[in-house]
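The values are calculated or read from the model by the stated rules, or taken from the named source; none is laboratory data. Values in this document were obtained by computation on a predicted structure and should not be read as measured data. All Cβ positions, even for glycine, are placed from backbone atoms using ideal geometry, and neighbour counts span all protein chains on display.
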Amino acid sequence: MSSNKNIKYGFRMVHIDNIPHIKEYGFILYSSSNASKSYKPIGDSSIINKRKEKIIAGISLNQYIPFYLGPRTPMLFVIQNGYRVEKQLAEDIVYCVIKIEDIIKDKIECIFSDGHALANLTDFYTQEKLCDINELINYDDIYTHYWNSESDIDLKRRKEAELLIKDKLDSKYICGYVVYNENAKLKLVKFGINENMIIIKPNYYF
């Protein structure tokens with residue numbers, strides 16, 4: 001969804017069956033009163049637990065809704081292959097896409113990182129720095145398809161840079177959905193998602 005080398009979007013990967021709840025309530029924390037009892041998690045629970053213990057500026061990482069800044073992440077590879085997590089089909093995983101410019105314009109409370117949130121080398125930046133994101137994070141790092149590099153052993157960490165939204169984000173901020181195939185697109189349409197907001201991009205998957 002990016003036409004030039006500027007970081008414009010945040011990507012949140014979710015199970016396709018969670019889309020109706022997200023459409024109604026937006027992105028919310030598991031502790032919210034509106035949290036879905038039937039929500040299908042796809043992440044690594046051990047990583048999620050470690051994020052609870054990571055404190056940034058006095059706030060636990062689990063008080064933020066995480067969005068990757070690029071697609072085809074190491075975590076997606078883990079999810080599609082069932083390493084440490086329940087294996088998921090590509091067509092059952094949806095990218096919910098938001099525009100960084102909207103987050104800036106509406107002054108949505110957030111922070112962002114220049115790499116994997118749990119890595120010691122990773123730096124975090126405040127909401128005010130979001131305007132400078134393209135000076136702080138390299139587009140090629142987060143959009144690379146491959147991250148195993150003998151000449152750059154830090155690439156995997158940098159590819160997993162995140163935008164972290166505090167507490168919640170309304171579904172009106174979703175500017176589009178990326179899916180693996182036509183089957184997934186049709187399912188979203190049945191959920192009431194505007195067909196014009198759905199893009200099929202198999203190259204965003206493994």
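Scanning segment 44-69 for residues that are part of a strand (DSSP E or B) and small (G, A, S) yields a total of 1.
Scanning segment 25-43 finds one or more residues that are out of contact with any Asp or Glu (no Cβ under 7 Å at 6 or more places or on another chain) and assigned to a helix (DSSP H, G or I). Applying the condition of being aliphatic (A, V, I, L, M) and surrounded by 15 or more Cβ atoms within 10 Å (Cβ to Cβ) to segment 30-55 and asking which residue is nearest to the chain's Cα centre (by Cα) yields I42.
Is segment 180-188 home to any residue that is touching a Gly at 6+ places or on another chain (Cβ under 6 Å), crowded, with 20+ Cβ neighbours inside 10 Å, in contact (Cβ under 8 Å) with a residue 12 or more places away in the chain and not polar (S, T, N, Q)?
So the first thing to find is which residues in segment 180-188 are touching a Gly at 6+ places or on another chain (Cβ under 6 Å), and the list is none.
So far as segment 180-188 goes, no, none of its residues is touching a Gly at 6+ places or on another chain (Cβ under 6 Å), crowded, with 20+ Cβ neighbours inside 10 Å, in contact (Cβ under 8 Å) with a residue 12 or more places away in the chain and not polar (S, T, N, Q).
Every condition in (1) farther than 15 Å from F11 by Cβ; (2) in contact (Cβ under 8 Å) with a residue 40 or more places away in the chain; (3) in a loop (DSSP other than H, G, I, E, B) is met by R72 except one, and the failing one is (1).
Limited to segment 1-17, what total is found for residues that are free of Cβ contacts under 8 Å to residues at least 12 places away in the same chain and more than 19 Å from I174 (Cα to Cα)? So the count comes out to 1. May I ask you to verify whether A161 is small (G, A, S), within 25 Å of A35 (Cβ to Cβ) and crowded, with 19+ Cβ neighbours inside 10 Å? So A161 fails the test.
Which pairs have Cβ atoms under 7 Å, sit 6 or more apart or on different chains, and link a residue in segment 18-45 that is touching a residue at least 24 places away in the same chain (Cβ under 8 Å) and on the phi > 0 side of the Ramachandran plot to one that is exposed (fewer than 13 other Cβ atoms within 10 Å of the Cβ) and part of a loop (DSSP other than H, G, I, E, B)? Hits for this filter: G26/D170. For segment 66-123, taking the residues that are crowded, with 19+ Cβ neighbours inside 10 Å and acidic (D, E), the one that is farthest from N148 (Cα to Cα) is identified as D92.
Please count how many residues of segment 145-159 are touching a helix residue (DSSP H, G or I) at 6+ places or on another chain (Cβ under 6 Å), of a type outside the set (K, R) and closer than 24 Å to C96 by Cβ. Here the count works out to 1. With the condition kept exactly as written, say whether any residue in segment 149-167 is within 29 Å of Y25 (Cα to Cα), in contact with a strand residue (DSSP E or B) (Cβ under 6 Å, 6 or more places away or on another chain) and free of Cβ contacts under 8 Å to residues at least 24 places away in the same chain. Checked segment 149-167: no residue is within 29 Å of Y25 (Cα to Cα), in contact with a strand residue (DSSP E or B) (Cβ under 6 Å, 6 or more places away or on another chain) and free of Cβ contacts under 8 Å to residues at least 24 places away in the same chain. Looking only at segment 110-121, decide whether some residue is under 23 Å from E24 (Cα atoms) and modelled with pLDDT of 95 or more. Yes, that holds for at least one residue.
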